[in-house]
Ligand SMILES: [Zn+2]
């Protein structure tokens with residue numbers, strides 16, 4: 001099957017590269033609008049000005065970002081917390097060519113950390129969403145099966161977590177094949193459809209495979225939609241400050257030693273609790289991103305246990321899965337719907 | 001890509017429900033790295049004349065030894081062979097206090113790119129140098145990182161673990177794949193396994209004091225964060241009334257060239273006093289920890305699932 005990139009192969013590659021640049025700069029991976037704003041052609045607001053609708057803007061690529069004005073949560077819900085877990089184990093380490101002894105830290109995630117994070121979420125009745133590379137089911141099958149057995153949600157996180165240098169060499173067909181393989185593998189374990197993704201696939205491919213949500217980017221701190229050619233997904237926004245790797249992973253994605261400040265667990269817990277309090281007051285949305293290898297260390301799991309309990313005690317918190325939130329938004333706020 | 005090919009691994013899931021000696025609920029291992037900063041090929045003679053090296057051996061080490069003694073703690077000292085030779089008086093002082101001496105490379109050099117015969121010869125030289133001083137072959141081998149390394153896990157080559165197995169080492173000192181000892185396997189077709197002791201850079205002082213070092217870094221002092229992490233890990237292992245402990249191992253790593261006076265020494269003193277006074281804590285040397293592990297989880301008990309080593313059918317990579 002022959003395929004072309006939206007807007008031509010060149011622009012697609014540029015799109016991927018600009019995401020890479022954002023990541024390299026230590027910023028949130030931005031989906032949609034925020035991404036275009038960072039690319040040279042997006043600066044200056046060429047697209048956004050003319051199509052500005054208050055809560056929506058059109059990027060030069062044609063992609064439309066639409067926020068949800070006055071998003072109201074279901075009856076009795078004051079705010080929403082999504083706990084998400086990128087189950088990378090050593091996959092990202094090996095593809096990023098970390099030295100052997102460094103990559104062993106990734107194995108800690110698969111052998112030890114994942115189990116503790118499943119437990120602390122179960123114990124606190126938190127609706128965990130796991131973003132999984134399809135191949136993780138080959139490396140650590142028992143933990144993946146256990147996560148399914150406990151009813152946690154599975155979402156796509158690439159097939160084998162390739163490094164950036166490799167991502168840009170994959171053509172569209174290969175990307176589709178990776179997405180299909182991962183979804184198949186995860187669905188065969190959970191018995192439930194995979195409806196979410198946290199990776200760099202074309203929106204067209206996501207929607208055509210039944211994906212309802214993405215979870216990167218911060219064009220809003222509430223869930224919002226991105227639309228291309230009548231295809232829409234919900235974006236469940238993620239702030240880089242809510243990503244555990246920023247505090248606990250030395251040399252994250254090969255960052256330089258000058259950037260390393262390994263934090264104690266309580267400092268991170270304090271930041272996240274403050275973030276939660278503001279979100280709780282406003283009736284907002286919070287996405288906490290954990291990684292098995294760093295978030296699964298004993299002191300950090302103990303901190304999460306306390307944090308989840310404090311959040312629950314605040315009252316009115318919906319510890320939803322990402323799918324819960326995405327479905328709710330699609331049902332009530334899909335772009336083009338009136339009201 | 002073989003995710004388990006070319007580097008070291010263990011079984012799929014770490015064992016749980018562990019038993020420690022003396023009814024302890026967890027273990028704390030104290031590791032004192034006796035190396036000093038060197039070049040990329042490790043410690044050169046001139047590196048032993050720097051102010052920080054002289055401080056390490058002449059001022060700091062005696063104080064740290066006294067602290068360990070006051071608290072009845074025996075630690076594990078990874079010692080590069082060149083240090084054993086040049087600073088033999090210091091190392092003898094360590095031995096006489098009952099601490100364990102472990103190997104730490106010939107010059108604490110980066111071995112990643114060494115040819116196998118070269119690495120094997122350096123290992124033999126290291127074993128000889130330490131044996132001459134201590135009167136016995138070292139049981140453990142460490143490959144801890146240097147403060148200026150790009151990654152904090154330390155360096156091994158594709159051959160290191162296999163060579164250590166061949167030379168009869170009882171344990172490898174620093175692997176991050178667990179927070180309890182675990183077995184390294186280099187070839188799934190052969191039953192050879194080498195025990196690795198747990199390590200995490202989050203409990204290693206060199207990444208918190210004067211880090212990142214000059215030139216290039218800003219010498220930021222964050223030892224109070226390290227103290228907090230040591231305590232948090234310890235408390236998480238012991239548990240609280242609300243939450244059972246994880247019952248595993250904390251490995252606290254210190255460097256005499258970076259620690260030995262002032263606030264840093266006080267942090268160390270507080271931690272050593274705490275672990276020596278809490279009855280829930282067992283404080284073994286590397287070799288004692290390894291022996292205990294052999295008794296509760298012998299190498300034969302570890303199942304290496306073949307599936308972990310094969311690439312999956314239908315792979316696209
Ligand atoms: Zn990942």
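Of these, A:218, A:290, A:307, A:253, which one is surrounded by fewer than 18 Cβ atoms within 10 Å (Cβ to Cβ) and in contact with a helix residue (DSSP H, G or I) (Cβ under 9 Å, 6 or more places away or on another chain)? Explain how you work it out, then say what you get.
On the way: A:218 fails: surrounded by fewer than 18 Cβ atoms within 10 Å (Cβ to Cβ); A:290 fails: surrounded by fewer than 18 Cβ atoms within 10 Å (Cβ to Cβ); A:307 fails: surrounded by fewer than 18 Cβ atoms within 10 Å (Cβ to Cβ).
Checking each option against the conditions leaves just A:253.
Restricting the search to segment A:100-138, which residues are more than 13 Å from the ligand (Cβ to nearest atom) and either at positive phi or not in a helix (DSSP H, G or I) (or both)?
A:124, A:125, A:126, A:127, A:128, A:129
Quick check on segment B:187-199. Is at least one of its residues surrounded by 18 or more Cβ atoms within 10 Å (Cβ to Cβ), at the interface with chain A (Cβ under 8 Å from one of its Cβ atoms) and assigned to a loop (DSSP other than H, G, I, E, B)?
no
Out of segment A:195-217, which residues are within 16 Å of the ligand (Cβ to nearest atom) and either assigned to a strand (DSSP E or B) or without any contact (Cβ under 8 Å) to a residue 60 or more places away in the chain (or both)?
Just the residues of segment A:195-217 that are within 16 Å of the ligand (Cβ to nearest atom), to begin with: A:196-201, A:214-217.
Residues satisfying the conditions are A:196, A:197, A:199, A:201, A:214.
Hey, does segment B:57-64 have a residue that's buried (at least 17 other Cβ atoms within 10 Å of the Cβ) and under 22 Å from residue A:101 (Cβ atoms)? Spell out the reasoning first.
Pass one, segment B:57-64, residues buried (at least 17 other Cβ atoms within 10 Å of the Cβ): B:57, B:60-61, B:64.
Checking the rest, the ones that are also under 22 Å from residue A:101 (Cβ atoms) come to none.
No, there is no match, as no residue in segment B:57-64 is buried (at least 17 other Cβ atoms within 10 Å of the Cβ) and under 22 Å from residue A:101 (Cβ atoms).
Can you say whether residue A:155 is in contact (Cβ under 8 Å) with a residue 12 or more places away in the chain, part of a strand (DSSP E or B) and within 16 Å of the ligand (Cβ to nearest atom), as far as the supplied structure shows?
On the way: in contact (Cβ under 8 Å) with a residue 12 or more places away in the chain: yes; part of a strand (DSSP E or B): yes; within 16 Å of the ligand (Cβ to nearest atom): yes.
Here the answer is yes, as residue A:155 does meet what is asked.
Please determine whether any residue of segment A:237-244 is in the same structural domain as residue A:126 (by TED's automatic domain parsing), more than 30 Å from residue A:193 (Cβ to Cβ) and touching a residue at least 24 places away in the same chain (Cβ under 8 Å). Write out each step before concluding.
Initial filter on segment A:237-244 (in the same structural domain as residue A:126 (by TED's automatic domain parsing)): A:237-244.
Filter again for more than 30 Å from residue A:193 (Cβ to Cβ), leaving A:241.
Add one more test, that the residue is touching a residue at least 24 places away in the same chain (Cβ under 8 Å), and what stays is A:241.
Yes, segment A:237-244 has at least one match.
Tally up the residues in segment B:48-69 that are farther than 16 Å from residue B:92 by Cα and free of Cβ contacts under 8 Å to residues at least 24 places away in the same chain, please. It would help to see each step written out before you state the result.
First pass over segment B:48-69, keeping only residues farther than 16 Å from residue B:92 by Cα: B:48-55, B:67.
With free of Cβ contacts under 8 Å to residues at least 24 places away in the same chain added as a condition, the list becomes B:49-51, B:54.
Counting residues in segment B:48-69 that are farther than 16 Å from residue B:92 by Cα and free of Cβ contacts under 8 Å to residues at least 24 places away in the same chain gives 4.
Between A:143, A:190, which is farther than 29 Å from residue B:196 by Cβ and more than 19 Å from the chain's Cα centre (by Cα)? Even if it seems obvious, please write down each step before you answer.
Numbers: A:143 fails: farther than 29 Å from residue B:196 by Cβ.
Within the list A:143, A:190, the selection yields A:190.
Checking the structure you have, find out if any residue of segment B:202-216 is at the interface with chain A (Cβ under 7 Å from one of its Cβ atoms), touching a helix residue (DSSP H, G or I) at 6+ places or on another chain (Cβ under 7 Å) and in a helix (DSSP H, G or I).
Initial filter on segment B:202-216 (at the interface with chain A (Cβ under 7 Å from one of its Cβ atoms)): B:202, B:207, B:212, B:216.
Then drop every residue that is not touching a helix residue (DSSP H, G or I) at 6+ places or on another chain (Cβ under 7 Å), which leaves B:202, B:207, B:212, B:216.
The next check asks that each one be in a helix (DSSP H, G or I); those that pass are B:202, B:207.
Looking for residues that are at the interface with chain A (Cβ under 7 Å from one of its Cβ atoms), touching a helix residue (DSSP H, G or I) at 6+ places or on another chain (Cβ under 7 Å) and in a helix (DSSP H, G or I), one finds at least one in segment B:202-216, hence yes.
What residue, of B:106, B:164, is over 24 Å from residue B:208 (Cβ atoms) and either free of Cβ contacts under 8 Å to residues at least 12 places away in the same chain or outside any helix (DSSP H, G or I) (or both)? Can you show your working first?
Details: B:164 fails: either free of Cβ contacts under 8 Å to residues at least 12 places away in the same chain or outside any helix (DSSP H, G or I) (or both).
Among B:106, B:164, only B:106 is over 24 Å from residue B:208 (Cβ atoms) and either free of Cβ contacts under 8 Å to residues at least 12 places away in the same chain or outside any helix (DSSP H, G or I) (or both).
Report those helices (runs of 4 or more DSSP H) wholly inside segment A:230-304 carrying at least 2 residues which are over 24 Å from residue B:145 (Cβ atoms) and at the interface with chain B (Cβ under 8 Å from one of its Cβ atoms).
Working: elements: A:245-248, A:265-282, A:292-295.
Those helices (runs of 4 or more DSSP H) do not exist here; none qualify.
With respect to residue B:239, is the statement that it is over 20 Å from the mean Cα position of the chain (by Cα), more than 8 Å from chain A (Cβ to nearest Cβ) and on the phi > 0 side of the Ramachandran plot true? First the steps, then the outcome.
Numbers: over 20 Å from the mean Cα position of the chain (by Cα): yes; more than 8 Å from chain A (Cβ to nearest Cβ): yes; on the phi > 0 side of the Ramachandran plot: yes.
Considered against the rule, which asks whether it is over 20 Å from the mean Cα position of the chain (by Cα), more than 8 Å from chain A (Cβ to nearest Cβ) and on the phi > 0 side of the Ramachandran plot, residue B:239 comes out as yes.
What single numbered condition from (1) more than 9 Å from chain B (Cβ to nearest Cβ); (2) within 16 Å of the ligand (Cβ to nearest atom); (3) part of a helix (DSSP H, G or I) fails to hold for residue A:145?
The failed condition is (2).
Which residue, of A:126, A:112, is surrounded by 24 or more Cβ atoms within 10 Å (Cβ to Cβ), in contact (Cβ under 8 Å) with a residue 24 or more places away in the chain and assigned by TED's automatic domain parsing to the domain that holds residue A:287?
Details: A:126 fails: surrounded by 24 or more Cβ atoms within 10 Å (Cβ to Cβ).
Just a single option satisfies the conditions, and that option is A:112.
Determine, yes or no, whether residue A:166 is surrounded by fewer than 16 Cβ atoms within 10 Å (Cβ to Cβ) and either within 16 Å of the ligand (Cβ to nearest atom) or outside the structural domain of residue A:204 (by TED's automatic domain parsing) (or both).
Details: surrounded by fewer than 16 Cβ atoms within 10 Å (Cβ to Cβ): yes; either within 16 Å of the ligand (Cβ to nearest atom) or outside the structural domain of residue A:204 (by TED's automatic domain parsing) (or both): yes.
Yes, satisfied.
The values are calculated or read from the model by the stated rules, or taken from the named source; none is laboratory data. Computed from a predicted structure; not experimentally measured. As a convention, Cβ positions derive from the backbone with ideal geometry for all residues, glycine included, and neighbour counts pool all protein chains shown.
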